[in-house]
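A.B. asks: Okay, handing you the structure first.
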Amino acid sequence: MADKYNPLENVWAVVDKAASILGYQENEYAAVKYPERELKVAIPMVMDDGSFRVFEAYRIQHSTARGPAKGGIRFHPAVNQNEVEALAAWMSFKCAVVNVPFGGGKGGVAVDPRKLSERELFVLTQKYTQAIAPVIGPEEDIPAPDVGTTPQIMGWFMDTYSKLNTHNVLNCVTGKPIGLGGILGRGSATGRGVMMTVNNILAKLGKKMEGTSVAVQGMGNVGSATADFLYREGMKVVGVSDVSCGIYKEDGLNIPEILEYLKQDRKNLLKDYRAEGITFITNEELLELAVDVLVPAAMENMINVDNADKIRASVIVEAANGPTTSEADEILDCKGIYVVPDILANAGGVIVSYFEWVQNIQAYLWTEERVVETLHAMMDDAFKGVWDIAKENSVSLRTGAYLIAVKRVVTAQHGRGTYL
Ligand code: GLU
């Protein structure tokens, strides 16, 4: 799947579309299609069994036009330069559409973290931090968690960067543990933001969350928090999936029980979960369920030309980055399916990362209540902006989001003399 599609093509397709509606000539926005800086590093290390391995890793800064680069670090075996470039670009547009004063970046290590011991993960994180230290920093580029990385890893990252600088640099990374500069509510922020987005789109369509059916693909940090929030808001979560399979129950799954089972041991998978009335389905079948709302919260390109026509949901809220290819996007648009794009729907994480960065600079701790309230206001504002501009221009919500985002990034570039 990962090699069949080029996620960068998806990004530039929608950027070009937005730029043409905005009336930009190629020479007035083309720079936005190039990452500003790309760093590729090798991480050599001795494993617990005495074997020696070298991991390939990246840190890519797509844009610093609006502020320091910002974006997560992914630990996943499929990480490659092309994917990290796309993920970095999405971060620039994500920060722009919700108006946090950051650019966009992303990092990644091609590794399966589930196969590493805690010590191996620690050493890998230290060596990765040392390798990218020359290009990052609280005013330059601020990493955060992404697929396969955790608050603990961010804590190790902060400690390593701080030791290189001989003093604590809490704001060099976000998503840290509480007590190490982390902010309350960051762990569940992306899922909470997705829930707020589901609420916003349903309200526009005259529907309530209560009793409305939803399926969530992916049970990582984002998918599990999303399923939890949606369940607590009274939605009928009929399907969820992880890497092993999906599970389905027509009158709704018991999400707290499923999350408890998955939390007991990080090796627990849905294929071994047992409960009355559940049916096992594949990840493909989950995407094609007849539900009101579909939340892809796994990886890129999950909705593509092969399955777009079979999607039966009337609303898709993209919790993952880049889950829909551009060809699939057109098919969904023709079918009249509302797709709330990733750069808007999953921005809750980076919004609360911004609060964490501010908290670290001011050395003044935020309450969880303040985090949730401010996040809510920013998610609602951004949603309204995207909805209104999409309606004004009779375009999809994705194109609407890029009309706002591309304009903000390109305007900042113009202000800096990029096109002179
Ligand atoms: N990895 C998350 C994302 O894709 C969060 C990035 C951040 O907080 O900087 O949006």
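The values are calculated or read from the model by the stated rules, or taken from the named source; none is laboratory data. On a predicted model such as this, the values are computed, not experimentally measured, just so you know. All Cβ positions, glycine included, derive from the backbone under ideal geometry; neighbour counts span all protein chains shown.
A.B. asks: When you scan segment 234-282, how many residues do you find that are under 27 Å from Lys208 (Cβ atoms) and either hydroxyl-bearing (Ser, Thr, Tyr) or in contact with a Pro (Cβ under 9 Å, 6 or more places away or on another chain) (or both)?
C.D. replies: Matching residues across segment 234-282 total 3.
A.B. asks: Just to verify a result, which residue in segment 121-139, among those that are more than 18 Å from Val79 (Cβ to Cβ) and part of a loop (DSSP other than H, G, I, E, B), is farthest from the ligand (Cβ to nearest atom)?
C.D. replies: So, considering only residues that are more than 18 Å from Val79 (Cβ to Cβ) and part of a loop (DSSP other than H, G, I, E, B), the one farthest from the ligand (Cβ to nearest atom) is Glu139.
A.B. asks: Any chance segment 242-261 includes a residue that's of a type in the set (Phe, Trp, Tyr), modelled with pLDDT of 95 or more, part of a strand (DSSP E or B) and under 27 Å from Asn200 (Cα atoms)?
C.D. replies: yes
A.B. asks: Still on this structure, please answer the following. Select, from Gly336, Gly349, the only residue that is over 15 Å from Val11 (Cβ atoms), at pLDDT 95 or above and within 15 Å of the ligand (Cβ to nearest atom).
C.D. replies: Residue meeting the stated conditions: Gly349.
A.B. asks: Yes or no: segment 140-147 includes at least one residue that is part of a loop (DSSP other than H, G, I, E, B), modelled with pLDDT of 95 or more and either more than 22 Å from the chain's Cα centre (by Cα) or away from the ligand (no atom under 16 Å from the Cβ) (or both). Lay out the reasoning, then the answer.
C.D. replies: Initially, segment 140-147 is screened for residues part of a loop (DSSP other than H, G, I, E, B), giving 140, 143-144, 146-147.
Among the residues that remain, those that are also modelled with pLDDT of 95 or more are: 140, 143-144, 146-147.
Restricting the remaining residues to those that are either more than 22 Å from the chain's Cα centre (by Cα) or away from the ligand (no atom under 16 Å from the Cβ) (or both) gives none.
No, segment 140-147 contains no residue that is part of a loop (DSSP other than H, G, I, E, B), modelled with pLDDT of 95 or more and either more than 22 Å from the chain's Cα centre (by Cα) or away from the ligand (no atom under 16 Å from the Cβ) (or both).
A.B. asks: Also, I was wondering about something else. Looking at (1) surrounded by fewer than 22 Cβ atoms within 10 Å (Cβ to Cβ); (2) modelled with pLDDT of 95 or more; (3) part of a loop (DSSP other than H, G, I, E, B), which one does Ala42 not meet, given that it meets all the others?
C.D. replies: Result: Ala42 passes all but (3).
A.B. asks: Does at least one position in segment 46-68 carry a residue that is at pLDDT 95 or above, part of a helix (DSSP H, G or I) and surrounded by fewer than 18 Cβ atoms within 10 Å (Cβ to Cβ)?
C.D. replies: Looking through segment 46-68, none of the residues is at pLDDT 95 or above, part of a helix (DSSP H, G or I) and surrounded by fewer than 18 Cβ atoms within 10 Å (Cβ to Cβ).
A.B. asks: Here is a list of conditions, (1) under 30 Å from Met378 (Cβ atoms); (2) in contact (Cβ under 8 Å) with a residue 40 or more places away in the chain, and Thr129 meets all of them except one; can you say which number that is?
C.D. replies: Every listed condition holds for Thr129 apart from (2).
A.B. asks: Which one of these is under 26 Å from Ser326 (Cβ atoms) and more than 16 Å from the ligand (Cβ to nearest atom): Ala89, Ala42, Ala31?
C.D. replies: Every option except Ala31 fails the conditions.
A.B. asks: Also, quick follow-up: Can you confirm whether Gly67 is within 26 Å of Cys172 (Cα to Cα), in contact (Cβ under 8 Å) with a residue 60 or more places away in the chain and of a type outside the set (A, V, I, L, M)?
C.D. replies: So Gly67 fails the test.
A.B. asks: In segment 220-261, what residues are closer than 22 Å to Gly322 by Cβ and either in contact with a strand residue (DSSP E or B) (Cβ under 6 Å, 6 or more places away or on another chain) or among the hydroxyl-bearing types (Ser, Thr, Tyr) (or both)?
C.D. replies: Gly223, Ser224, Thr226, Ala227, Leu230, Gly239, Val240, Ser241, Gly246
A.B. asks: Of all the residues that make up segment 148-191, how many are outside any loop (DSSP other than H, G, I, E, B), surrounded by fewer than 20 Cβ atoms within 10 Å (Cβ to Cβ) and within 18 Å of the chain's Cα centre (by Cα)?
C.D. replies: The total comes to 1.
Matching residues to (1) at negative phi; (2) within 16 Å of the ligand (Cβ to nearest atom):
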| position | (1), (2) |
| --- | --- |
| Trp156 | yes, no |
| Thr166 | no, no |
| Asn171 | yes, yes |
| Gly193 | yes, yes |
| Glu210 | yes, no |
| Ser213 | yes, no |
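A.B. asks: Ala78: assigned to a helix (DSSP H, G or I), small (Gly, Ala, Ser) and more than 13 Å from the chain's Cα centre (by Cα), yes or no?
C.D. replies: no
A.B. asks: So which residues in segment 69-84 are more than 21 Å from Gly137 (Cβ to Cβ) and either surrounded by fewer than 24 Cβ atoms within 10 Å (Cβ to Cβ) or near the ligand (Cβ under 9 Å from one of its atoms) (or both)? Let's see the steps before the verdict.
C.D. replies: Within segment 69-84, the subset more than 21 Å from Gly137 (Cβ to Cβ) is 75-83.
If the condition is that a residue be more than 21 Å from Gly137 (Cβ to Cβ) and either surrounded by fewer than 24 Cβ atoms within 10 Å (Cβ to Cβ) or near the ligand (Cβ under 9 Å from one of its atoms) (or both), then His76, Pro77, Ala78, Asn80, Gln81, Asn82 are the ones that fit.
A.B. asks: Being in contact with an Asp or Glu (Cβ under 6 Å, 6 or more places away or on another chain) and within 12 Å of the ligand (Cβ to nearest atom) is the filter here; which residues of segment 92-118 pass it?
C.D. replies: Taking segment 92-118 as the starting set, the residues that turn out to be in contact with an Asp or Glu (Cβ under 6 Å, 6 or more places away or on another chain) are 105, 110, 117.
Hit for segment 92-118 is Gly105, nothing else.
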